[in-house]
Every structure is written in structure tokens, then in C-alpha cells.
Ligand SMILES: C[S@@+](CC[C@H](N)C(=O)[O-])C[C@H]1O[C@@H](n2cnc3c(N)ncnc32)[C@H](O)[C@@H]1O
């Protein structure tokens, strides 16, 4: 069976003609992301969008672009809150195949040339393919893979990105080379004429890279070996320090970002259960969803990187 570097194999497995996402796999069927928890992430995004709108002096149109929109859940939830922008909000979902979207939400398979407003890449960077390398005999070598998942070690690799961001030192240590993701982020940020770009994803930093890398697969809600045959999602954590070096920005955990944007999920007062049981149940369910979004060991540990462009926009300052 032919061997390929991981970048080529991963790209074909997700985005090739028979690829997982190109074939229309819906993320919601395979893994849980914050937009799928409930509307609270969209509420937070709309608070941020309000700040963008004010900083830009209420442009018309005000863009909200969801890149790698998956099933379009976040775009739809933001659109549902568009009334406050008085008909100026233009919501676009960028996804390879058209998701089911409410009338009024635009779809494109291409990144927009120009954005005046907010562009979000929610769990997009982690889905961008990387080369995988391994330390072997005191050299860094390519890890090659066949479509059945069989791996072999290939030629030596030299990479300035690795030297700077993920130097390997010990036999068997692995890394995913993130230079392509940095370039993708730089490209996305550069398309924002005025406003901000927000990346939300799981990630790691120089001081705590995983020894064996973070490449993995997901299928039907389960973590599975990353076999590049188009049958599963393939993903790896984002090296957020290298992405952050691309453009100035604020970096918070999701837990911190939600607090900064005023998303609270307090448990309702016990007495409410007696006076208004339906309201108590709704508030209790909301508190559970917010707790899931804020859980530091889960979604709350995700990173939010906000890069403002030509406008003073901040997560921590209203
Ligand atoms: C991990 S999923 C995240 C989906 C959604 N944002 C969420 O958080 O639920 C990544 C998505 O990015 C999409 N994607 C990757 N590269 C893309 C590109 N160049 N253009 C449009 N969509 C892309 C994939 O098809 C996939 O649906």
C-alpha cells in the first residue's frame, strides 16, 4: 500500500473526493462542539459582535462570518439574534458543502475576500492538515502513512517552525508541524478590513507539548485511531503560541472569555421551583449548559484568540 506524508494523507482523508468532510459528514454526528451544547456560545459571540459593531460605528453591512461552519449551528444561532443590529447584520457560513441554513444566512465554500465585522474560526484550525514528524536516531524524520493507518518512518526533515515551536529531543517524540495553520490564520486575519478575527480551539503551548503529538480521530462520538481512509475525522491540537505570533491579539481560555462576555449560568433559587416550575427547569438546564461550556477540563479549557483589525476591540474590555 502506498505511503504518503501525513499532510497529504490527512488532506485526502478529510477533503479529497472521498474525504470525510468533502463527503458531507456533519460534525454534530461525530463530535460535540460548543455550538452544539446550546445557544449560550452564540449569546457570547453576539456580545462580542456588539462590541465590534460599536467600535466600527455601526457599519452597514456588519459581517459575521463563520469559517468551517460545520452544520451551521453557530451561524444560525447568531442570525436568530440579528434583530438587535437593525437589519444590518450579514451572516455567512463558509463550509465545503452547504449545510442546512435558515433563509437569510448566506453560504459559500470560499473564504470571503473582505470582512467588516467579526470572523470566527470555531474548531477550524484543528481540522487543517499537518505533517507529522518523529525523533529517530537523533534525527527528525517524516512519519508516512498508508490509508489503512500503517505508518513508516521516512526521510529527515528540517523545519524552522519545528526549531522555533516544537523542537524534538527524545527518541520517539512526535510533533505536528503547524506552519500551514499559522499561514491559514494569517490569511484569515488579513481578510478583515476592520473588526476582528476570533479562533476558538483546543491547543497546547511550548512548555507542554504532548510527547507523542496529539493526532487523533473521531467517529460517531468516539475517539478512534486516526486512520486516513475517509471514515473518520482527523484532528490535532493547535499550537496556539505559534498561531498567536502571527498577529497581535488577546488569548483567553473559554472559561475566562465567557466570564468577560457576561455569560453566567447561575443555579436558580430553590424557591423558584415552587412558584414557577417551568422557569426553574429552564434556568437549571441553562446552568448545566453553561457549566459544560465553562468546564476547565473540557470546553472551558479551549483557547480564544481574538485579533482586532483597525479597531479597538477586546474580550476583556467592553
Ligand atoms: C471540526 S469541524 C468544526 C465545525 C463547527 N465550526 C463546530 O465547531 O461545530 C471543522 C469544519 O471545518 C470545515 N473546513 C475545513 N477546511 C475548510 C475550508 N477550507 N473551507 C471551508 N470549510 C472548511 C470542515 O468541513 C469541517 O466541517
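Bear in mind these aren't lab numbers, they're just calculated from the coordinates by the rules spelled out. Bear in mind the structure is a predicted one, so any value in this text is a computation, not a measurement. Here the Cβ positions follow ideal geometry from the backbone for every residue, glycine too, while neighbour counts run over all protein chains shown.
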Can you tell me the order of 36-44, 60-68, 267-275 when each peptide is scored by its average per-residue count of other Cβ atoms within 10 angstrom, highest first? 60-68, 36-44, 267-275
Taking the Cα atoms only, what angle lies between the long axis of helix 6-15 and the longest principal axis of the chain, rounded to 10 degrees? 40
How big is the range 7-132 by the Kirkwood estimate over distinct Cα pairs, in Å? 15.2
Once residue 295 and residue 270 are pulled to full extension, the length gained, defined as 0.36 nm per residue separation minus their Cα-Cα distance, is 6.7 nm
Taking a crude spin-label model, label points 7 Å out from Cα along the C-beta direction, the residue 253 to residue 113 distance in nm is 4.3
Two-site FRET efficiency, residue 158 against residue 138, from Cβ-Cβ distance with R₀ of 22 Å, rounded to 0.05: 0.95
Regarding the range 106-182, what are the three Cα extents along the principal axes, ordered largest first, in Å? 51, 32, 17
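Percent of Cα-Cα pairs more than 35 Å apart in the chain, please.
Working: 11660 of 50403 pairs.
Roughly 23 percent, once rounded to a whole number.
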Using label points projected 7 Å from each Cα along Cα→Cβ, tell me how many nm separate residue 1 and residue 187, to one decimal. 2.9
Most mobile listed residue (135, 54, 281) in the chain, GNM with C-alpha springs under 10 Å: 281
For the range 187-318 the translational diffusion coefficient, Stokes-Einstein from a Kirkwood Rh over Cα pairs at 10 °C and viscosity 1.306 mPa s, in µm²/s, is roughly 90
So, in nm, how far is label residue 97 from label residue 278 when the simple model puts each one 7 Å beyond its Cα toward the Cβ? 3.9
Would you please put 114-123, 2-11, 293-302, 149-158 in order of how densely packed they are, using the mean number of other Cβ atoms within 10 angstrom per residue and starting with the highest? 114-123, 2-11, 293-302, 149-158
Given contacts defined as C-alpha pairs under 8 Å and at least six residues apart, what's the relative contact order of the range 174-318, whole-number percent? 33
Both in Å, the radius of gyration and Dmax of the C-alpha trace of the range 166-263 are 15.8, 46
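Rounded to the nearest 0.05, what FRET efficiency do residue 58 and residue 220 give with R0 = 51 Å and r taken as the Cβ-Cβ distance? Could you check?
Working: r = 44 Å, r/R0 = 0.87.
FRET efficiency, residue 58 to residue 220: 0.70.
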